[in-house]
């Protein structure tokens, strides 16, 4: 997606440790016009799929998933990273390691929001090692729902997550795939 790549080049910040900060427009402060275009693009990509729900993970994926969900006219379910007193009843739980936070989380989805036979589209902001998506796939499998696809805004193509998911036959589409980040020269190379 040309508009997204241009914005990453203009406003993205490359940091040590393979970190690409896009918090000025995507996952802290959000440029809704850009995210609206992202929503339209995911609708085009997955328009031939039956989608009953969008699934994402707390917190950065929620805003993006909500905009995407408008185009499919379906609800968004997000996996919570901590159990709260408001989360009652039976839940699907899995562990996910965060690349950015270097922390492992229990992620939780109430069983009342994912059902056998539902068609699910996963949406998230980043894909690096793929742990978040793998955890969401595990929850979907446990629920008996059907994964129709995974939509990622920015994939770090130089890390193994995307490759591993594609090798498993997952219908994965990333709008911008960064193949190389040069911290010293502050440059990016896209696929």
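The values are calculated or read from the model by the stated rules, or taken from the named source; none is laboratory data. Only a predicted model underlies this, so the values are computations on that prediction, with no experimental measurement involved. Positions of Cβ are backbone-derived with ideal geometry, glycine not excepted, and every protein chain shown enters the neighbour counts.
Quick look at the values:
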{"read-out": "Looking only at the range 36-52, and only at residues there that are under 16 Å from residue 172 (Cα atoms), without any contact (Cβ under 8 Å) to a residue 60 or more places away in the chain and in contact with a helix residue (DSSP H, G or I) (Cβ under 7 Å, 6 or more places away or on another chain), the one that is surrounded by the fewest Cβ atoms within 10 Å (Cβ to Cβ)", "value": "43"}
{"read-out": "Filter pass, residue 33 being within 30 Å of residue 185 (Cβ to Cβ), touching a residue at least 60 places away in the same chain (Cβ under 8 Å) and either over 17 Å from the mean Cα position of the chain (by Cα) or not in a helix (DSSP H, G or I) (or both)", "value": "no"}
{"read-out": "Odd one out for residue 103, checked against (1) touching a residue at least 24 places away in the same chain (Cβ under 8 Å); (2) farther than 27 Å from residue 31 by Cβ; (3) surrounded by fewer than 16 Cβ atoms within 10 Å (Cβ to Cβ)", "value": "(1)"}
{"read-out": "Residue match in the range 178-189 (condition: out of contact with any strand residue (DSSP E or B) (no Cβ under 8 Å at 6 or more places or on another chain), assigned to a loop (DSSP other than H, G, I, E, B) and at pLDDT 95 or above)", "value": "no"}
{"read-out": "Any hit, the range 46-54, residues being over 21 Å from residue 165 (Cα atoms), part of a loop (DSSP other than H, G, I, E, B) and modelled with pLDDT under 95", "value": "no"}
{"read-out": "Given (1) modelled with pLDDT of 95 or more; (2) more than 22 Å from residue 171 (Cα to Cα); (3) part of a loop (DSSP other than H, G, I, E, B), index of the condition residue 6 fails", "value": "(3)"}
{"read-out": "Residue among 97, 118, 148 that is surrounded by 14 or more Cβ atoms within 10 Å (Cβ to Cβ), under 16 Å from the mean Cα position of the chain (by Cα) and farther than 27 Å from residue 23 by Cα", "value": "148"}
{"read-out": "Condition broken by residue 21, with the remaining ones in (1) under 15 Å from the mean Cα position of the chain (by Cα); (2) surrounded by fewer than 19 Cβ atoms within 10 Å (Cβ to Cβ) satisfied", "value": "(1)"}
